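The structure under discussion appears below in the form of structure tokens.
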Amino acid sequence: MGEEFTLKKIHMKVFDSIVTVLLIVGGLNWGLVGLFEFDLVQSIFGQGALMRVIYTIVGLSAICKVILWNMEEAAE
């Protein structure tokens with residue numbers, strides 16, 4: 001039981017790290033759009049479905065981060 005709990009905790013830490021990186025990338029991209037009218041995601045992936053998928057993943061990451069914050073607060 002203790003090993004399973006530790007493994008779950010490690011998976012949550014990795015997931016949280018991935019979500020955090022996606023939020024930083026998304027925030028930097030929006031900063032570039034706001035300051036310089038330059039969309040880095042669009043310039044790398046072009047307009048189309050892939051760009052929308054990336055924006056969706058970043059948006060879902062924000063939702064996941066809010067849920068993780070609430071879970072951490074409830075655990076305290």
Inset, instruction - Name the single residue, out of those in region 32-56 being surrounded by 15 or more Cβ atoms within 10 Å (Cβ to Cβ) and either of a type in the set (V, I, T) or touching a Pro at 6+ places or on another chain (Cβ under 6 Å) (or both), that is nearest to M12 (Cα to Cα). - result: I54
Inset, instruction - State whether the residues of region 7-16 include one that is surrounded by 12 or more Cβ atoms within 10 Å (Cβ to Cβ) and in contact with a helix residue (DSSP H, G or I) (Cβ under 7 Å, 6 or more places away or on another chain). - result: yes
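No lab work stands behind these numbers, since they all come straight from the coordinates. Predicted model, so just to flag it, every value in this text is computed and none were measured. Glycine also receives a Cβ, built like all others from the backbone with ideal geometry; neighbour counts cover every protein chain displayed.
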